[in-house]
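Structure, as structure tokens:
Every read-out reported here was derived from the displayed coordinates using simple, explicitly stated rules and does not represent laboratory data. Note that the structure is a prediction, hence the values are computed from the model and not measured. Neighbour counts are summed over all protein chains in view; Cβ atoms, including those assigned to glycine, are modelled from backbone coordinates with ideal geometry.
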Amino acid sequence: MGNLKEVLVPDIGDFKNVPIIEVLVKPGDVVKQEDPLLTLESDKATMDIPSPYTGVVKTLKIKVGDKVSEGAALLSIELGANAAAAAPVKIAETKATPASSTSVSTEQDKIVAAPAKAEHRDLGPQPPPRLPATPEGPQLAHASPSVRRFARELGVDLSGITGSAPKNRILKEDVQAYVKGELARPRPGAGFTLPEMPQVDFAKFGAVESVPLSRIKKLAGANLLRNWVSIPHVTQHDQADITDLEAFRKSSSAETEKQGFKLTMLSFLIKACVTALKAHAEFNASLDKSGENLILKKYYHIGVAVDTPEGLVVPVIRDCDRKGVFDLARELADVSRRARDKKLSSAEMQGGCFSISSLGGIGGTAFTPIINAPEVAILGVSKAQIKPVYKDAQFVPRLMLPLALSYDHRVIDGAAAARFTTYLCSVLSDIRRLLL
């Protein structure tokens, strides 16, 4: 049996009746010299009381909320066989410095004040602290008051950090490393955090099967989530009368089929969108990194969503303003085939100015497409239907194409979006406008 040593409150300066705000050990814990045992906090300073011995904590004589002064008994430690001769640590060095907000704990917990301050200044706006899973969640984190205060200033939940000091104690360096990692990680949105999805054991309700997502869906899912929560989406709906355009497309199909490709409505949509983009330059733009400037593009590269067995991909057709409808139809057929064969290069899916997602060949009446950042708008196209349209004092059957324009409301307001879709509908209704 080793010697039983009692640990007393060391010289803490002129402070008396200092409250204990955290007890860092419990009976049975093995501690080493200078391991923190508990934390005191006065109105002017916080301090950790280190262990003067190496051994096993036997009894605690205090609890959180108790007030102690110099010489008060805190706990007892049983020295181990190899630690019986260990000399007590000179704990007088833990004297608090008045008006100091820096913890005077172990050497690992010390940090140069100036770099810490600079690091905090450079971090910029941070999300608010996440709510704990249980009421006592954050209080269970092993960290000194100064580290807790530092984390609160940065909006960091300590329960999500693993400390690098003994007993997983969290240091300021750990908080800083966590913040740097979070800033580097793609986030669903700035200024807030999302609650975690509930974890459900679906097997308890019936038979299930786990099927991994394809690589394309994993990549697309992360980008879609980012775009949806970080861009203020608004969708403008409209309908274009494509009766005459469809008649022209069908009359020209025989010619294109002889040339080995199909003349689709999508090729006309691309050409019509280019015409509309030229007339409404803010739609052919992107926000710069600061979010304070709009980059107006002088080229017209259109992204086209292609449905593949592995998921959705968006190849980009370049310089659409310089190509005719037949050229676009031929290129669309080529990129669609290569997309389904997984032969597209990454370069072929970059540099888009505006995207089109067409579900007309499948069905549906309307949907809300998600903007493909850094673009500021995307056009969704649903299946055309014959509808009665009041024209020349009577209702006549017309082929109407549903359009859904999702736009970034930071850049585009509702009036501009309505003008864009109105102009686009006029172009699609009269194919002669494609020549203008």
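Below 8 Å between Cα atoms, with a sequence gap of 6+, how large is the relative contact order for the range 1-79 in percent? List each step's numbers first, then the result.
Working: 186 pairs, mean separation 34.1, N = 79.
Computed value for the range 1-79: 43 percent relative contact order.
Where does each of Asp157, Asp334 land when they are ranked from fewest to most other beta-carbon atoms within 10 angstrom?
Values: Asp157 20, Asp334 13.
Least crowded to most crowded, the residues run Asp334, Asp157.
Among the trypsin sites (Lys or Arg not before Pro) in the range 393-436, which ones are in a DSSP loop with at most 13 other Cβ atoms within 10 Å of the Cβ? Mind listing them? Please report the intermediate quantities before stating the final value.
On the way: sites: Arg398, Arg410, Arg419, Arg432, Arg433; in loops: Arg410.
Here the trypsin sites (Lys or Arg not before Pro) that fit, given the DSSP loop and packing criteria, are Arg410.
Principal axis extents of the Cα atoms in the range 217-435, from largest to smallest and rounded to whole angstrom, are 51, 40, 31. Label point of Asp66 set 7 angstrom out along Cα-Cβ; within the range 9-39, amide nitrogens under 14 Å from it belong to 9-10, 17-27, 37-39. Kirkwood's formula applied to the C-alpha pairs of the range 202-262 gives a hydrodynamic radius of 17.4 angstrom.
Peptide packing: for 271-280, 249-258, the average count of neighbouring Cβ atoms within 10 Å per residue gives the ranking 271-280, 249-258, highest mean first.
Shown in residue order for the range 167-180 are the 3J(HN,Hα) couplings computed by the Karplus curve 6.51 cos²θ - 1.76 cosθ + 1.60 at θ = phi - 60°: 6, 6, 5, 8, 9, 4, 4, 5, 5, 5, 5, 5, 5, 4 Hz (x for Gly and Pro).
Once C-alpha pairs closer than 8 Å and six or more residues apart are averaged by separation and normalised to the residue number of the range 217-435, the relative contact order reads 30 percent.
If the segment from Arg338 to Ala247 were pulled out straight at 0.36 nm per residue, it would be longer than the present Cα-Cα gap by 29.8 nm. Extension gain for Glu257 to Ala279 (0.36 nm times residue separation, less C-alpha to C-alpha distance): 4.7 nm. Here the calculated FRET efficiency for Phe395 and Leu294, from their Cβ-Cβ distance with R0 = 45 Å, stands at 0.55, rounded to the nearest 0.05. Full extension of the chain between Thr59 and Ser210 yields a length gain of 49.3 nm, computed as 0.36 nm times the residue separation minus the alpha carbon distance.
Among Cys425, Cys353, rank each residue by its count of other Cβ atoms within 10 Å, from fewest to most, as a rough exposure measure. Spell out each step's value before the answer.
Numbers: Cys425 20, Cys353 25.
Ranked by crowding around the Cβ, least crowded first: Cys425, Cys353.
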